[in-house]
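The values are calculated or read from the model by the stated rules, or taken from the named source; none is laboratory data. What you see is a predicted model; the values in this text were computed from it and never measured. Every residue, glycine among them, receives a Cβ derived from its backbone with ideal geometry; neighbour counts consider all protein chains shown.
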Ligand code: NAD
């Protein structure tokens, strides 16, 4: 069991996750490069430290929730990083919940396992690492209902599960090191390409004279293509059985679809599978209540984060030599959306900003 929890990266997601751990009664030590955030926590009576290394010294387990791979590498391997001092470490477990590329997750897992524990703990020979990125966004982070996709050893996952479930409602074991990151980027890939397919179909449907909430359109080909790409990427990147199983299920479903299914029903099923825990996600303003499109695309999953995750998927696909044409197209589209100033809007804003301008 873990008593002393270190937390690094108290941004939109991390602060809410750390607050849930505090509520659950863990003894916390935190660090962020942002001084205002640190002040907020010290005012709350939480122990704050100036460096990741000092956090490690005070913790049995350290959780990181940082923007991207370079920040994570810096926090682990930097001069005052978590692994400074080389081999003698206090924490037995490191959990990285940032969305980063699987290759970096795997390299870090090796670096951690090459270190030695300062004090041997029962059943723990060496310090270990789990990659445990999340889906759900800030609303789920606040409510403690995130889904964790976990890569590493299964024993360690089981030992960490109750800690993870203090911040989430679900923790899915995806296999060896890096497989949590594989599951996360493939999950977002399936979600974003289905959003593009959905927006494109709705825009065309509207242009051809039917209303968005009563469209009968054939999306079978788009889905088959999409699921093929995601399935192959998951497989080539060494994604776990769970990733493969869920993608196969979606793929089988798309094959079973007959032309002319009700669009909103297809989308809600696909998106539920793709995001693990999402609700239906109609991108057309005014069609559905309680989704980002009904509030000017605010309060959702920012396009710039989706662009970042697409960059990770595209780089991973290139590295393993996987053909993923839709990924690269989606990457270009979201880069354009961000360059046009919509980077903070929910990723469903592609309907408004990309598809609304018709070509001649
Ligand atoms: P954020 O930018 O709000 O927070 C990141 C925090 O890390 C900031 O407080 C920043 O000051 C801190 N930080 C940066 N470099 C640091 C360093 N070297 N040392 C210590 N602290 C440092 O980002 P976020 O929205 O909380 O996202 C965090 C991660 O979660 C990202 O990888 C993102 O892709 C992923 N994610 C985000 C969402 C979402 O909806 N926001 C959903 C799922 C996953």
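Any residue at all in the stretch 83-96 that's part of a loop (DSSP other than H, G, I, E, B), in contact with a helix residue (DSSP H, G or I) (Cβ under 7 Å, 6 or more places away or on another chain), within 11 Å of the ligand (Cβ to nearest atom) and at pLDDT 95 or above?
Within the stretch 83-96, not a single residue is part of a loop (DSSP other than H, G, I, E, B), in contact with a helix residue (DSSP H, G or I) (Cβ under 7 Å, 6 or more places away or on another chain), within 11 Å of the ligand (Cβ to nearest atom) and at pLDDT 95 or above.
All but one of (1) in contact with a strand residue (DSSP E or B) (Cβ under 9 Å, 6 or more places away or on another chain); (2) within 12 Å of the ligand (Cβ to nearest atom) hold for residue 11, so report the exception by its number.
(1)
Does residue 73 count as within 20 Å of residue 304 (Cβ to Cβ), within 11 Å of the ligand (Cβ to nearest atom), at pLDDT 95 or above and surrounded by 15 or more Cβ atoms within 10 Å (Cβ to Cβ)?
Criteria not met by residue 73.
In the stretch 290-334, which residues are surrounded by 15 or more Cβ atoms within 10 Å (Cβ to Cβ), modelled with pLDDT of 90 or more and in a loop (DSSP other than H, G, I, E, B)?
297
Residue-by-condition table, conditions (1) assigned to a helix (DSSP H, G or I); (2) on the phi < 0 side of the Ramachandran plot:
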| site | (1), (2) |
| --- | --- |
| 2 | no, yes |
| 19 | yes, yes |
| 29 | no, yes |
| 33 | no, yes |
| 40 | yes, yes |
| 45 | no, no |
| 50 | no, yes |
| 66 | no, yes |
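Determine whether residue 82 is buried (at least 20 other Cβ atoms within 10 Å of the Cβ) and either more than 21 Å from residue 141 (Cβ to Cβ) or assigned by TED's automatic domain parsing to the domain that holds residue 315 (or both).
Yes, satisfied.
In the stretch 85-103, how many are surrounded by fewer than 21 Cβ atoms within 10 Å (Cβ to Cβ) and closer than 19 Å to residue 183 by Cα?
The qualifying residues number 1.
Testing residue 34 on (1) more than 8 Å from the ligand (Cβ to nearest atom); (2) over 24 Å from residue 156 (Cβ atoms), one condition comes back false. Which one is that?
(1)
Tell me, please, whether a residue that is within 11 Å of the ligand (Cβ to nearest atom), in contact with a strand residue (DSSP E or B) (Cβ under 7 Å, 6 or more places away or on another chain) and under 18 Å from residue 30 (Cα atoms) can be found in the stretch 130-153.
no
Is it fair to say residue 165 is in contact with a strand residue (DSSP E or B) (Cβ under 8 Å, 6 or more places away or on another chain), modelled with pLDDT of 95 or more, at negative phi and surrounded by fewer than 17 Cβ atoms within 10 Å (Cβ to Cβ)?
yes
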